[in-house]
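The values are calculated or read from the model by the stated rules, or taken from the named source; none is laboratory data. Since the structure is predicted, the reported quantities are computational estimates derived from the model, not experimental observations. Please note: Cβ atoms are built from the backbone with ideal geometry, for glycine as well, and neighbour counts cover all protein chains shown.
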Amino acid sequence: MELIYEEVNNKVVLKLGFYKGRRFYLADGIRYPLGQLLLDFINLDYTQITAITNKTLSFEIPANVGQYMKIVKTLKAHCLLLKNMHPYLSSPDFGMFLKNLKQSDKNFDSTNLEGDVSPAANAQLKVFIRNKIHRIRNLELDYKFFNEVIDFCFCDEKFKDLAPIQRFYIHAKRNFFDHPDIALHYNLKYNDYSVSNSTGEPNFAEIVEQAGNENFNIHEVCNGEAETFLYYEFIKLLSTNARISRCKSCKKYFIIAGRSDTVYCGDCKNVGPGNTYRKKVNEDPIMKLHQRAYKRQHQRVSRKKITNEDFNKWGIKAELMRKRVQDGDISFDKYKAWIEK
């Protein structure tokens, strides 16, 4: 796979790889806004991915060609399902697996369903499954790490006055021994950030000052696997001071394109406020009674049992009664008896 950063429009171009024969090719690239691939990945429900890999682990050694081809067909479906979840979960080596199968067992006949499966063919299947499981499990570690670090560097209110790159240096200092491979990936040395005050706590002011002088030298073209692309895009988000928030409704991360106080992602901006209000009503017995009575009175207007003027007078009185019960001037039971009459 290959990832190319286009500074002029702040986008990345992802080129997925595939095998044709024994040669590896890169498909035409697809453009994504910077950060979308990373955020889409950490917004996944990884329990669904784990469920798919657990099904893969449950495969038993096939007794004949028919069972073998059934497993291959299921594996192909699993690979397609994972690819549809996210391009980083694609399996470009599946085509090579089938190619190697034919190379390793010249007598393999997929049409002879009752035929025996050679040890070489079984070995190829085991290697592919083992590599696939290993890769998905490694990605799960990245999934957990980037959920943590994105929240800390972009969303944590405790450090809201610091730039994302400054927060990252604090995070690297705090978690050096938990994630030494991450620190080494960015050439972060523990001694560089071992300054501390008299209490032994990290001196964040000095760390922040060092962070401000840092200049990430990162190439515009990145080759490798999904893990590398996740790091690459994360560093680009840091260096461009991207604004990221977590949706108040669906809890997914998203890049803020407009106002800095945006709390809903693009999918939830029209329904999020309504969901928040309904949740507030359902959790507050006073609000719940008020909302139920409001709907009841509104229906009476529609049926011409009361006038709009009567409805408006009731609304003013209801607001006053709600405020009184919320302030503790009257009991909840007294409020309930009045609002339900």
Legend entry - Restricting region 32-76 to residues that are part of a helix (DSSP H, G or I), over 24 Å from the mean Cα position of the chain (by Cα) and hydroxyl-bearing (Ser, Thr, Tyr), the residue that is surrounded by the fewest Cβ atoms within 10 Å (Cβ to Cβ): 74
Inset, instruction - Pull up region 318-340, narrow it to residues that are surrounded by 11 or more Cβ atoms within 10 Å (Cβ to Cβ) and in contact (Cβ under 8 Å) with a residue 40 or more places away in the chain, then point me to the one that is nearest to residue 290 (Cα to Cα). - result: 339
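Take the residues in region 129-148 that are among the basic types (Lys, Arg) and within 21 Å of residue 78 (Cα to Cα); name whichever of them is farthest from the chain's Cα centre (by Cα).
Top of the filtered list is 130.
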Inset, instruction - Return the only residue of 40, 28 being more than 24 Å from residue 138 (Cβ to Cβ) and either touching a strand residue (DSSP E or B) at 6+ places or on another chain (Cβ under 9 Å) or at pLDDT below 90 (or both). - result: 28
Legend entry - Residue within region 54-64 that is in the same structural domain as residue 129 (by TED's automatic domain parsing) and at pLDDT 85 or above present: no
